[in-house]
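Undergrad: Got a structure for you, questions after.
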Amino acid sequence: MREEILGKIRAALAGQLEDHEQGHGLRPVADQSPNNGAAQLDLDDVVQRFETELKKVGGQFYAAENAQAACEYVLNLARSQGVRSAAGWDCSVIRDIGLVEALGGAGVEFIADTGGDGFIKRALDAGLGISGVDYALADTGTLVVLSGPGHARSVSLVTPVHVALVKLEQLLPDLNDLFPLLKEKGSLSSAIALITGPSRTADIEMTLVVGVHGPQQVHVVLLS
């Protein structure tokens, strides 16, 4: 099953490359380096590198074969945690896979960040936080999130479990590929959050505790 899913990811990435060559697709990972030094990079290796590094820092990774599989993963996670409500971004990546309806059908209320007052307070009571990302860095398993309307950073900070939905074209090899894109978008500001695994802290005796200043679990669902 794993090889089948990765095979479909490879096929999807190949499609992105073909679209880009025809001039009407998003830039694939291999073309995002400013000096094109990553042109020969195996895109499948980027996916596997991201998975490896994410797991090293305590995160969980799931490559979804389709929208239904992505929803089922989130639903199973919600059931295992006894979640009654989930706080999330008001964004297309969540809506397009039908996740809001799937959660509602399972009896889980979805609290969307629509910009109204009281969202953070309600998010504090949610058992699950669901967001998209702006980019994901393969070399460290890091999620890059730019806050803005409908994209509250609290979704990835105040809930005990954070689920991030990542699209293939959002994967980048490393920071060297990230900063030119942020500069191009005019997004170099304090509104950038870099999330590398669950929250960690240690006392003076170096006793590591997970989940004190953020989620205890971080799950990344890769959408093909």
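Undergrad: Is region 65-163 best put as rounded, prolate or oblate by its Cα gyration tensor, with a ≥ b ≥ c the root eigenvalues, rounded for a/c under 1.5, and otherwise prolate when a/b is larger than b/c, oblate when not?
TA: Rounded, because the longest to shortest axis ratio a/c is under 1.5.
Undergrad: About the Cα centre of region 56-181, what is the dipole size in debye to 20, counting +1 per Lys and Arg Cβ and -1 per Asp and Glu Cβ, all else neutral?
TA: Here the size comes out at about 400 debye.
Undergrad: I'd like the FRET efficiency for ASP125 and ASP44, computed as 1/(1 + (r/R0)^6) with the beta carbon distance as r and R0 of 41 Å, rounded to 0.05. Walk me through the numbers on the way to the answer.
TA: Values: r = 40 Å, r/R0 = 0.98.
That gives a FRET efficiency of 0.50.
Undergrad: Next up: With +1 on the Cβ of every Lys and Arg and -1 on the Cβ of every Asp and Glu, and nothing else charged, how large is the dipole of region 112-189 about its Cα centre, in debye rounded to the nearest 20? Display every interim value, and only then the final one.
TA: Details: 6 positive and 9 negative charges, 47 e Å.
My answer is approximately 220 debye.
Undergrad: How would region 93-134 be classified by its alpha-carbon gyration tensor: rounded, prolate or oblate, with rounded meaning a/c under 1.5 and the a/b versus b/c comparison settling the rest?
TA: oblate
Undergrad: Subtract the Cα-Cα distance of GLN216 and LYS167 from 0.36 nm times their separation in residues, and report this length gain in nm to one decimal.
TA: 15.3 nm
Undergrad: For ALA69 and ASP174, what is the calculated FRET efficiency with R₀ set at 35 Å and r taken between the beta-carbons, to the nearest 0.05?
TA: With R0 = 35 Å, the Cβ-Cβ based efficiency is 0.80.
Undergrad: Convert each backbone phi in region 152-169 into a coupling constant with the Karplus relation 6.51 cos²θ - 1.76 cosθ + 1.60 (shift: θ = phi - 60°), then list the ³J(HN,Hα) values in order as whole Hz, x for Gly and Pro.
TA: 4, 5, 4, 4, 9, 10, 9, 8, x, 10, 10, 10, 10, 8, 10, 8, 4, 6
Undergrad: Short version: ³J(HN,Hα) in whole Hz for each residue of region 125-134, in order, from phi by Karplus 6.51 cos²θ - 1.76 cosθ + 1.60 (θ = phi - 60°), x for Gly and Pro, what are they?
TA: Values, residue by residue: 8, 7, x, 9, x, 10, 9, x, 9, 9 Hz.
Undergrad: Using amide H atoms built in the peptide plane, which far-off residues or other-chain residues are under 5 Å from GLU109 H to H?
TA: For GLU109, the qualifying residues are SER85, ALA86.
No lab work stands behind these numbers, since they all come straight from the coordinates. If you're wondering where the values come from, they're calculated on a predicted model, not measured in any experiment. All Cβ positions, glycine included, derive from the backbone under ideal geometry; neighbour counts span all protein chains shown.
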